[in-house]
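This report concerns only the one structure given below.
The values are calculated or read from the model by the stated rules, or taken from the named source; none is laboratory data. All values reported here derive from a predicted model rather than from experimental measurement. Please note: Cβ atoms are built from the backbone with ideal geometry, for glycine as well, and neighbour counts cover all protein chains shown.
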Amino acid sequence: MQKKILITGGAGFIGSHVVRLFVNKYPEYQIINLDKLTYAGNLENLKDVENAPNYEFVKGDIQEKDFLAQLFTDKKITDVIHLAAESHVDRSISGPMEFIITNIVGTANLLEVARTSWLEGEHVFYHISTDEVYGSLGAEGFFEETTAYDPRSPYSASKASSDHLVRAYYHTYKLPVKLSNCSNNYGSHQFPEKLIPLMINNIKNNKPLPVYGTGENVRDWLWVEDHARAIDTIFHKGKIGDTYNIGGWNEWTNIALVKKMCQIMDVKLGRDAGTSEKLITYVKDRAGHDMRYAIDATKIKDELGWVPSLEFEEGLDKTVDWYLQNEEWINDVTSGDYQKYYKQHYSN
Ligand code: NAD
Ligand code: TYD
């Protein structure tokens, strides 16, 4: 039976990399990209595959269960890779309801439609999640697959809820699920509300670089194409019912990372060394700001043979180049609503 894989959120940052990988690598599959095209979704991200014979885009909302049920019937969906979500912590603090409805209810809708549509045959419902569900670490330790959940922002709480629902459908209904929890991604096509593209854009435009609190918070960074490779590996080789942590073994304090980006961009923009660092501005801390995220990705490495492919310096270099070479993309996504968001969020 031909696989007809529904990828939700395929017009977003990570989703577009996953769609591209699957469309190019598996011409024998039919890839259906379902996306609501919120502020974070952009079909420009998929220009290079939009005419591929094994690719189709459907605009739609996972909040609408009847629409999903019709889509499963019409397209004979065999598998789901679920990425659609509201994804930005700061927006979840200023407006949590959209996160609750899309991330929790939307995931429940997809699970329910898969459960009632997949009465026979082989299927996979693969749910993509975040390491933020595990909470906040101190200086020591790593998140393992067995670490108890302790989400602390509306975003991470909504993702944790959706993870619990996915596991409940496995235990209760034997829905063939897989899950993964990944650390912070970076790379091309990331919306410039997240740290790395926001800093790139601000450095380029000589705007203040807003560092929250002390800048000592730590994140583990993974190149988005390595995450997409991990998703491919888990989709094909991961065990039904299992969870895999994905990380880069690449921890940085925010301030060290921002300084590193300033150095890279001073060279690329032909500025004197130290010029961009002068733009660093400490601003009011994020409410409930998690101190440190760090992933133990031993399980996916040992069981499935996945490891990151790219050194961070090379990944950052490629990422900066992409943003500098894609001025039209960045101008497009930072016009209109972004200006309003930026002003509201960073005004103090
Ligand atoms: P993103 O915000 O860039 O993209 C989300 C996509 O989902 C957008 O295309 C948007 O239009 C779509 N969407 C939003 N609401 C929808 C709805 N109701 N119906 C259909 N589509 C909808 O997010 P991202 O950074 O690409 O993250 C993708 C997934 O990966 C999310 O589930 C996120 O929790 C998870 N994740 C992200 C990171 C990260 O560092 N960005 C790390 C780990 C896990
Ligand atoms: P972000 O990219 O929003 O990812 P997440 O909160 O999901 O980890 O932020 C990464 C880190 O950078 C986080 O510790 C918050 C910090 N940060 C800033 O210091 N300034 C900013 O303008 C942004 C967007 C984030």
Quick check, is Asn33 assigned by TED's automatic domain parsing to the domain that holds Leu110, buried (at least 23 other Cβ atoms within 10 Å of the Cβ) and not in a helix (DSSP H, G or I)? yes
When both residues are 6+ apart or on different chains and their Cβ atoms are under 6 Å apart, which pairs have a first residue that lies in the stretch 39-56 and is under 16 Å from Leu6 (Cβ atoms) and surrounded by 15 or more Cβ atoms within 10 Å (Cβ to Cβ), and a second that is acidic (Asp, Glu) and at pLDDT 95 or above? Gly41/Asp35
Would you mind stating whether Ile128 is within 16 Å of ligand 1 (Cβ to nearest atom) and surrounded by fewer than 23 Cβ atoms within 10 Å (Cβ to Cβ)? no
Looking at Asn45 and the list (1) under 22 Å from Asn185 (Cα atoms); (2) within 16 Å of ligand 2 (Cβ to nearest atom), which single condition is not satisfied? (2)
Quick one: is Glu225 surrounded by fewer than 21 Cβ atoms within 10 Å (Cβ to Cβ) and acidic (Asp, Glu)? no
Can you list residue pairs whose Cβ atoms sit under 9 Å apart, with the first residue in the stretch 269-288 being farther than 30 Å from Ile93 by Cβ and the second being basic (Lys, Arg) and modelled with pLDDT of 95 or more? Count only pairs 6 or more apart in sequence or on different chains. Leu269/Lys204
Go through (1) more than 10 Å from ligand 2 (Cβ to nearest atom); (2) outside the structural domain of His127 (by TED's automatic domain parsing) one by one and return the number of the condition Asp242 breaks. (2)
Which one is surrounded by the most Cβ atoms within 10 Å (Cβ to Cβ) among residues in the stretch 159-170 that are closer than 20 Å to Ala294 by Cα and touching a Phe, Trp or Tyr at 6+ places or on another chain (Cβ under 8 Å)? Ala160
Failed condition for Ala40, given (1) in contact with a Leu (Cβ under 7 Å, 6 or more places away or on another chain); (2) in a loop (DSSP other than H, G, I, E, B), with all others met? (1)
Considering only helices (runs of 4 or more DSSP H) wholly within the stretch 256-348, the ones with at least 1 residues that are in contact with a Ser or Thr (Cβ under 6 Å, 6 or more places away or on another chain) are 298-304, 312-325
If we keep only residues of the stretch 79-123 that are in a strand (DSSP E or B) and either free of Cβ contacts under 8 Å to residues at least 12 places away in the same chain or not β-branched (Val, Ile, Thr) (or both), then the residue nearest to ligand 2 (Cβ to nearest atom) is His82
How about the stretch 124-228: which strands (runs of 3 or more DSSP E) wholly inside it have at least 1 residues that are polar (S, T, N, Q) and under 21 Å from the mean Cα position of the chain (by Cα)? 124-130, 177-182, 184-186
Count of residues meeting criterion [touching a Cys at 6+ places or on another chain (Cβ under 6 Å) and either among the hydroxyl-bearing types (Ser, Thr, Tyr) or within 16 Å of ligand 1 (Cβ to nearest atom) (or both)] in the stretch 242-293: 2
Looking at the stretch 149-156, is at least one residue within 14 Å of Leu257 (Cβ to Cβ) and not aliphatic (A, V, I, L, M)? no
Among (1) among the small types (Gly, Ala, Ser); (2) within 15 Å of ligand 2 (Cβ to nearest atom); (3) surrounded by 22 or more Cβ atoms within 10 Å (Cβ to Cβ), Gly213 falls short only on (3)
Of all residues in the stretch 1-41, which are under 24 Å from Gln70 (Cα atoms), more than 14 Å from the chain's Cα centre (by Cα) and of a type in the set (S, T, N, Q)? Gln2, Gln30, Asn33, Thr38
Using the structure shown, decide if Val307 is of a type in the set (A, V, I, L, M) and free of Cβ contacts under 8 Å to residues at least 60 places away in the same chain. yes
Please enumerate the residues belonging to the stretch 229-263 that are surrounded by fewer than 22 Cβ atoms within 10 Å (Cβ to Cβ), of a type outside the set (Asp, Glu) and within 16 Å of the chain's Cα centre (by Cα). Arg229
Answer yes or no: is there a residue in the stretch 293-308 that is farther than 17 Å from Tyr244 by Cβ and either touching a strand residue (DSSP E or B) at 6+ places or on another chain (Cβ under 7 Å) or assigned by TED's automatic domain parsing to the domain that holds Met261 (or both). no
